[in-house]
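Peer 1: Can you keep this structure in mind? I'll have questions shortly.
The values are calculated or read from the model by the stated rules, or taken from the named source; none is laboratory data. Since this is a predicted model, take the numbers as computed values, not measurements. Methodologically, a virtual Cβ is constructed for each residue, glycine included, from the backbone with ideal geometry; neighbour enumeration extends over all protein chains shown.
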Amino acid sequence: MQIGRRPMLGFGLALLAGALLVALAAPLIAPFDPIFQDGTMRLQPPSLAHLFGTDNFGRDVLSRVIWGARIDLQIAVLGVVFPFLIGTAIGTLAGFFGGWVDAVLMRIIDVILAFPFLVLMLSIIAILGPGLKSFFIAMALVGWVSYARLIRAQILVLKTQDFAVAAESLGFSRMRIMFRHLLPNALAGSLVFVMSDAVLVLLGGAAISYIGLGVQPPVAEWGVMVAEGQAFVTTAWWITVFPGLAIVLLAFGFSLVGDALGDLLGVRE
Amino acid sequence: MTAVLRIEDLEVRFRDGDESRLLIDRVSLELQRGEILGLVGESGSGKSLLCRAVMGLLPSRKLAITRGRVELDGETISGLPEAAMLGIRGRRIGMIFQNPTSHLDPVMRIGDQIAEGLRRHRGLGRAAAQAEAVDLLRQVGFTDPPRQARMYAHEFSGGMRQRAMIAIALACDPEILIADEPTTALDVTIQAQILRLLADLRRTRGLSIILITHDLGVVAQVCDRIAVMRNGSVVEQGEKRALLAHPQHPYAQALIASHPSLPQEDAVGEPLRPHEAPLVEIDDLEVSFPAGGGLFGRKRSTKALAGVSLRVGRGETVGIVGESGSGKSTLARALLGLQPVTAGHIAFDGAVLTLERARTLARLRREAAMVFQDPFNALNSRMTIGETLAEVLRVQGKVPAERIPTRIGELLDMVGLERDFAARRPRSMSGGQCQRAGIARALAVDPTLIVADECVAALDVTIQAQIVALFRRLVQDHGLTLIFIAHDLAIVRRLCERVVVMQHGRIVEDGASAEIFARPAHPYTAALIAAIPSIDPDRPLGGGEAGAISETGLQQEGLTT
């Protein structure tokens, strides 16, 4: 791929790679322990010792942002992978077989969509108990519907096209037609969606943590940090601004890559 | 005669960063008042782009006129600001397009769409504009304009939509009409009517017309002068008869030589072989599609095929012709078991599909293959040609695995593609190359029967001629049975020894090609043959005197209105 000719893709990939590198190297590059509280150093503005300042417990914000990358990347990736896999499988089946299979699956989707997304997420997490694991399970249970609908619509269009009819006329099995011919062509759209969904999941994860159902303090997570710093936003802006910036940059990276992927895969053709 | 439009030394370039490509290469053309100029060339030759440049409608910001100018009535219009061009577009130069469906507003009544232009450009009041719109619809051949003006685009057939487009273009009484492939999407009999309409408009209104087309037959019939374009430049232009009779440029010569309406010395015309053991037998076949009817309403259906019976012998080449909606594609799909059958029987080499479905399907999949209309769409764009062929060979299992790479090479040889095409994907290939790959895929089955559904319709004429030649060679060398479906009779005449004519889901005529083209027995066949635009300007379009064809044509179209 000619990344050189696509500066936006290069920039997006660099942001994602940067986040990954920071996450992997967190123990090496973080100047302080992210959960160590230093009562003498509360609410210090950015300085040479604490580049991003300290929060109300005297923890180093820079170190917390660095360690937070681990959690937030995990949220963005795992929160998307499971819905993507489940949704793709279900959407392919519904689109390919049609008939009652399609009718049943689509009604299930309708039921899930009838509830507001966050309300459903919150009730599932409430049942399972707060924590990151519950968040991923809830995402998998609720998030797949968009992927299923996307893939199903693609498969419905693709299966009437000549290459699918050709595959049938050449004696290919249903499995082969479905997975070797229809699915690879249907995936382009949802791969792009994965990228923008990762942004939403990241923000969703931050929101869930914010109301106390996701990542539990004192673990460093950007959403939690924004929530905790909220009370001090007028007096100690650095507590919220730096993790907020980190969320924005990561989200920006995902959406740039998503955009460029869309162009490369010809989704908008 | 005076030139109403003069294009001088026009050059259009694509520029993106450092990349710069020449798209229109110093074209000079003149359009005289009241003249029809035919702009001929294959896809990508720049003929549409040239006209868009004239209208100031270049499709991207990366395209620009980098040299030369366009003059309308002696005034330079290239490089005019957008506001000034608005007064020219539509008002002085009208344009119609290939696909009227996508250029008509689906939620606006036809009459209102015409009136809109009248009110904006000519400042007519509402009532006056409506009256004028009705009158315009009458001029372009609508039968009941006051009623039809209140109808929507989807209620009309393709031919009537193209007439409506012409009425919209005429609404502002332009001096020049640019018609970009106006009949390419239409059936032959409808095409003949639209061409006749354009010629009439030129006569009654003194309109100057630029007719863009890939079909030399069309220009031979209606144009006064011809300009042949290739790779962005005009390679030859001149008076129609002189150019057709003595083309100078080798490309113009090739284009004329490949036109299918020319009589062929080696045309296939050998007598029909007796069908001692028919390979395909179709009896009283009926196929219906559900058409509406809700949960509680009575289920309705339309018949795509009604009582079709056909026998095809081993080694025969049968052409199935008919206009769109005649059921020819449905017949092809039904016969390959790709389309559920409502009633009747289909047998392939003695195995009856409708009785022993699984067994017959298994045989069909191993002994019959299909070639499709759209060469790009028919191939999986994510696989290389080599992967596509290898997959078929593996699934079919007729060739041992270690022989597959060799076989792929042989298949590419057979269809005249270089062997390194195995590593290429459809998107990096031209339409003709893709179609060859599609034929190679059909041959990979090692079939006894090939069904080709409109497989040259989407290709340029010179490529069409090559593909037809390829089919002929394959039929001769490999003893294939070929069912060739086409709306283009001229191509069928070149390729097939037998012709089956379909209309409204029935077979109306069936016989030896030579016989049918010389003495068509059914009036519909006669109308189809007469409507082929001949490259010979002295053989006018059939039904020029508004005879039987245009009557039946109008009635057919009337069905949908």
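Peer 1: Filter the stretch B:454-464 for residues that are assigned to a helix (DSSP H, G or I) and either within 12 Å of chain A (Cβ to nearest Cβ) or not hydrophobic (A, V, I, L, M, F, W, C) (or both) and give the result.
Peer 2: Hits for the stretch B:454-464 are B:T462, B:Q464.
Peer 1: Among the residues of the stretch B:14-64, how many are under 18 Å from B:G94 (Cβ atoms) and either part of a loop (DSSP other than H, G, I, E, B) or of a type in the set (D, E) (or both)?
Peer 2: So the count comes out to 5.
The rows are residues; the columns are (1) part of a helix (DSSP H, G or I); (2) surrounded by 14 or more Cβ atoms within 10 Å (Cβ to Cβ); (3) of a type outside the set (F, W, Y).
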{"position": "A:F36", "(1), (2), (3)": "no, no, no"}
{"position": "A:L62", "(1), (2), (3)": "yes, yes, yes"}
{"position": "A:R70", "(1), (2), (3)": "yes, yes, yes"}
{"position": "A:I75", "(1), (2), (3)": "yes, yes, yes"}
{"position": "A:F82", "(1), (2), (3)": "yes, yes, no"}
{"position": "A:L85", "(1), (2), (3)": "yes, no, yes"}
{"position": "A:A89", "(1), (2), (3)": "yes, yes, yes"}
{"position": "A:W100", "(1), (2), (3)": "yes, no, no"}
{"position": "A:D110", "(1), (2), (3)": "yes, no, yes"}
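Peer 1: Further, regarding this structure: Which residue pairs have Cβ atoms under 7 Å apart, sit 6 or more places apart or on different chains, and have a first residue in the stretch A:226-237 that is without any contact (Cβ under 8 Å) to a residue 24 or more places away in the chain and a second that is of a type in the set (V, I, T)?
Peer 2: So the pair list comes out as A:V226/A:T240; A:Q230/A:T240; A:V233/A:T240.
Peer 1: Out of the stretch B:367-382, which residues are in a loop (DSSP other than H, G, I, E, B) and at the interface with chain A (Cβ under 8 Å from one of its Cβ atoms)?
Peer 2: Those that are in a loop (DSSP other than H, G, I, E, B) and at the interface with chain A (Cβ under 8 Å from one of its Cβ atoms): B:F372, B:Q373, B:D374, B:N377, B:A378, B:L379, B:N380, B:S381, B:R382.
Peer 1: What are the residues in the stretch A:180-209 that are free of Cβ contacts under 8 Å to residues at least 24 places away in the same chain and either within 30 Å of B:A378 (Cβ to Cβ) or within 14 Å of another protein chain (Cβ to nearest Cβ) (or both), if any?
Peer 2: The answer is A:R180, A:H181, A:P184.
Peer 1: Looking at the stretch A:159-175, which of the residues that are in a helix (DSSP H, G or I) and more than 7 Å from chain B (Cβ to nearest Cβ) is farthest from the chain's Cα centre (by Cα)?
Peer 2: Among those residues, the one meeting the criterion is A:A167.
Peer 1: Moving to a separate point now. Working only within the stretch B:100-128, note down all residues that are buried (at least 16 other Cβ atoms within 10 Å of the Cβ) and among the charged types (D, E, K, R).
Peer 2: Result: B:R109, B:D112, B:E116, B:R119.
Peer 1: Still on this structure, I have one more. What is the one condition in (1) out of contact with any Leu (no Cβ under 8 Å at 6 or more places or on another chain); (2) crowded, with 20+ Cβ neighbours inside 10 Å; (3) farther than 30 Å from B:R122 by Cβ that B:T66 does not satisfy?
Peer 2: Evaluating B:T66 over (1) out of contact with any Leu (no Cβ under 8 Å at 6 or more places or on another chain); (2) crowded, with 20+ Cβ neighbours inside 10 Å; (3) farther than 30 Å from B:R122 by Cβ leaves (2) as the failure.
Peer 1: Can you tell me which residue within the stretch B:339-364, out of those that are in contact (Cβ under 8 Å) with a residue 24 or more places away in the chain and within 10 Å of another protein chain (Cβ to nearest Cβ), is nearest to B:I439 (Cα to Cα)?
Peer 2: Here the answer is B:L364.
Peer 1: Please pick out the residue among B:I491, B:I450, B:I467 that is of a type in the set (A, V, I, L, M), within 30 Å of A:N185 (Cα to Cα), assigned to a helix (DSSP H, G or I) and in contact with a helix residue (DSSP H, G or I) (Cβ under 9 Å, 6 or more places away or on another chain).
Peer 2: Within the list B:I491, B:I450, B:I467, the selection yields B:I467.
Peer 1: Oh, and also: Which one is surrounded by the fewest Cβ atoms within 10 Å (Cβ to Cβ) among residues in the stretch B:379-412 that are among the charged types (D, E, K, R) and modelled with pLDDT under 90?
Peer 2: Selected residue: B:K398.
Peer 1: Additional query: Sort out which residues of the stretch B:91-139 are without any contact (Cβ under 8 Å) to a residue 60 or more places away in the chain and not in a helix (DSSP H, G or I), and write them in order of number.
Peer 2: B:D105, B:P106, B:V107, B:M108, B:R109, B:G123, B:L124, B:G125
Peer 1: Given the criterion in contact (Cβ under 8 Å) with a residue 60 or more places away in the chain and under 26 Å from B:V235 (Cβ atoms), identify the matching residue among B:R26, B:R67, B:R52, B:R21.
Peer 2: B:R26
Peer 1: Out of contact with any Lys or Arg (no Cβ under 7 Å at 6 or more places or on another chain) and within 30 Å of B:R427 (Cβ to Cβ) - does that describe any residue in the stretch A:232-254?
Peer 2: Scanning the stretch A:232-254 turns up at least one residue that is out of contact with any Lys or Arg (no Cβ under 7 Å at 6 or more places or on another chain) and within 30 Å of B:R427 (Cβ to Cβ).
Peer 1: Testing B:E418 on (1) of a type in the set (D, E); (2) within 18 Å of A:F163 (Cβ to Cβ); (3) more than 11 Å from chain A (Cβ to nearest Cβ), one condition comes back false. Which one is that?
Peer 2: (2)
Peer 1: Return a yes/no flag: does the stretch B:28-43 have any residue that is out of contact with any Cys (no Cβ under 8 Å at 6 or more places or on another chain), farther than 25 Å from B:L243 by Cβ and crowded, with 19+ Cβ neighbours inside 10 Å.
Peer 2: For the stretch B:28-43, residues out of contact with any Cys (no Cβ under 8 Å at 6 or more places or on another chain), farther than 25 Å from B:L243 by Cβ and crowded, with 19+ Cβ neighbours inside 10 Å: absent.
Let's see how each residue does on (1) within 14 Å of chain A (Cβ to nearest Cβ); (2) of a type in the set (F, W, Y):
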residue: B:T406; (1), (2): no, no
residue: B:R425; (1), (2): yes, no
residue: B:G432; (1), (2): no, no
residue: B:P447; (1), (2): yes, no
residue: B:A452; (1), (2): yes, no
residue: B:F471; (1), (2): no, yes
residue: B:I491; (1), (2): no, no
residue: B:H504; (1), (2): no, no
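Peer 1: Here is a list: B:Q396, B:Q373. Which entry is of a type in the set (S, T, N, Q), in contact (Cβ under 8 Å) with a residue 60 or more places away in the chain and closer than 23 Å to B:D453 by Cβ?
Peer 2: B:Q373
Peer 1: Here is a further query. Quickly run through the stretch B:192-215 and pick out the residues that are modelled with pLDDT of 85 or more and closer than 21 Å to B:Q464 by Cα.
Peer 2: If the condition is that a residue be modelled with pLDDT of 85 or more and closer than 21 Å to B:Q464 by Cα, then B:I212, B:T213 are the ones that fit.
Peer 1: Which number in (1) modelled with pLDDT of 90 or more; (2) over 30 Å from B:L417 (Cβ atoms) marks the one condition that B:A514 misses?
Peer 2: The one condition B:A514 does not meet is (1).
Peer 1: Same structure, new question: Would you be able to tell me the number of residues in the stretch B:321-338 that are more than 14 Å from chain A (Cβ to nearest Cβ) and either in contact with a strand residue (DSSP E or B) (Cβ under 9 Å, 6 or more places away or on another chain) or within 16 Å of B:V280 (Cβ to Cβ) (or both)?
Peer 2: So the count comes out to 8.
Peer 1: Identify the single condition in (1) of a type outside the set (V, I, T); (2) at the interface with another protein chain (Cβ under 10 Å from one of its Cβ atoms); (3) not in a helix (DSSP H, G or I) that B:A442 does not satisfy, given that it satisfies every other one.
Peer 2: The number of the failed condition is (3).
Peer 1: Taking the stretch B:1-25 only, how many residues are of a type in the set (D, E, K, R) and crowded, with 16+ Cβ neighbours inside 10 Å?
Peer 2: Summing the residues that are of a type in the set (D, E, K, R) and crowded, with 16+ Cβ neighbours inside 10 Å in the stretch B:1-25 gives 5.
Peer 1: Another question about this same structure. For the condition buried (at least 22 other Cβ atoms within 10 Å of the Cβ) and either modelled with pLDDT of 90 or more or over 20 Å from the mean Cα position of the chain (by Cα) (or both), what is the one hit in B:R473, B:R498, B:R519?
Peer 2: B:R498 is the lone residue from the list that is buried (at least 22 other Cβ atoms within 10 Å of the Cβ) and either modelled with pLDDT of 90 or more or over 20 Å from the mean Cα position of the chain (by Cα) (or both).
Peer 1: Looking at the structure I just gave you, is B:V392 part of a helix (DSSP H, G or I), more than 14 Å from chain A (Cβ to nearest Cβ), within 30 Å of B:E281 (Cβ to Cβ) and of a type in the set (A, V, I, L, M, F, W, C)?
Peer 2: No: the conditions fail for B:V392.
Peer 1: Count, please, the residues in the stretch A:238-269 that happen to be more than 18 Å from the chain's Cα centre (by Cα) and more than 16 Å from A:D60 (Cβ to Cβ).
Peer 2: Residues flagged as more than 18 Å from the chain's Cα centre (by Cα) and more than 16 Å from A:D60 (Cβ to Cβ) within the stretch A:238-269 amount to 7.
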